[in-house]
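Trainee: Below: one structure in structure tokens.
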Amino acid sequence: MRRILLALTLLALLSPHALSQTDATRPAPKPFDAFGDVVYETEWLARLDALAVEMNNNPQTKLYIVAYGVPNRLPGRPLRRANWAYGVLTKGRGLDPTRVEVVFGGYSDEVKYEHWLIPPGEELPVKPFDFAAALTREKSAYRFDLFSLYDPASDADYDGSYGEYLDDRGRYQPLALALRQDPAARGLIIVYRSRRNRVGEDRRLAANIKRSILKAHALAPERVVAIGGGRREFRNVEVWLVPPGAPLPKPTPDTRPTPRKKR
């Protein structure tokens, strides 16, 4: 009789209802670190150094760098910066690239990042965001990202050293991800030359960037349009996502002042 009662007790404890109650009382997983839109050359770099130490102390764990963007406010920028962090850890701190992965977690009210350390056999509790669903709601082109390009002619105070952690593959990976998830959309790259660059430098850079994107991400040539935008004070790049049927946005270069006529 005692054996029967013991067996019934064990069966009750192992029932789906009992298991669901156990899962419900289990504390929700939390990231190793979470923060907002910090300065990456200082605060984020310090966080990455601490993260590298933790990864070396736990060689079986896998790291996920999760980025969250804000709709219609350069949503691709956080993912590009997360790719920079990936480069710091793998190129600068020597972590095995197979142990580090970048994930776009979706849209939020503000830009934020999370570092998740996942033990073997467990999965990341954050589902990757589906760009295709978001793009179907867009009817016109919108600016996806904006950043400066290192310019030896103008950037006298910066030697471009942080660029070694973010190559063209990581820099344009957010655009490639969005285009893969929505096969009908197009990407537009507009490059602006600085006032110290020669005329035509913007078109040359745009053509080089397109070739780099197609090579790194195996996209068809018609999926990416790259044009020179003219002159601005600083050399920079605009990345646009263009829904099906929407016209390409026009470049907005700086207007040169009209030269004064000599009397």
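Trainee: What order do you get for 236-247, 136-147, 82-93 when each peptide is scored by the mean count of other beta carbon atoms within 10 Å, highest first? Intermediate results must be reported in sequence, preceding the final value.
Mentor: Values: 236-247: 17.6, 136-147: 15.5, 82-93: 20.7.
Averaged packing, sorted descending, gives the order 82-93, 236-247, 136-147.
Trainee: Still on this structure, I have one more. What is the spin-label model distance, in nm, from residue 198 to residue 215 if the labels are put 7 Å beyond Cα along the C-beta direction?
Mentor: 2.1 nm
Trainee: Residues in the range 92-132, backbone N under 15 Å from the label point at residue 61 (7 Å along the Cα-to-beta-carbon vector): list them, ranges by number please.
Mentor: Of the residues in the range 92-132, 95-96, 99-101, 114-125 have backbone N under 15 Å from the label point off residue 61.
Trainee: Compute the length gained on full extension between residue 184 and residue 248: take 0.36 nm times their separation in residues and subtract their Cα-Cα distance, giving the result in nm to one decimal. Don't jump to the answer; show the numbers that get you there.
Mentor: Values: separation 64, 0.36 × 64 = 23.04 nm, distance 1.41 nm.
Fully extending the segment from residue 184 to residue 248 adds 21.6 nm.
Trainee: Quick one: net charge around residue 78, please, counting Lys, Arg +1 and Asp, Glu -1 for every other residue with C-beta under 9 Å from its C-beta.
Mentor: Cβ neighbours under 9 Å give a net charge of +3.
Trainee: Within 10 Å, Cβ to Cβ, of residue 110, how many net charges do the neighbouring residues add up to if Lys/Arg are +1 and Asp/Glu are -1?
Mentor: Details: positive: 73, 112; negative: 37, 109.
Its environment carries a net charge of 0.
Trainee: How much length is gained on full extension from residue 93 to residue 139, taking 0.36 nm per residue of separation minus their Cα-Cα distance?
Mentor: Working: separation 46, 0.36 × 46 = 16.56 nm, distance 4.27 nm.
In short, 12.3 nm is gained.
Trainee: Classify the range 130-263 from the C-alpha gyration tensor, please: rounded if a/c falls under 1.5, else prolate or oblate depending on whether a/b exceeds b/c. Spell out each step's value before the answer.
Mentor: Numbers: a/c = 2.43, a/b = 1.49, b/c = 1.64.
Oblate, because a/c is 1.5 or more while a/b does not exceed b/c.
Trainee: Name all residues of the range 217-250 having a backbone nitrogen under 12 Å from the label point set 7 Å from the Cα of residue 207 along its Cα→Cβ direction, giving them as ranges.
Mentor: 227-228
Trainee: What is the spread of the Cα atoms of the range 29-128 along each of their three principal axes, largest first, in whole Å?
Mentor: 39, 30, 19
Here, each number is a calculation from the coordinates, and none is a lab measurement. Bear in mind that the values here come from a model prediction, so they are computed numbers and not experimental data. Cβ sites come from the backbone with ideal geometry, for glycine too, and all protein chains shown count toward neighbours.
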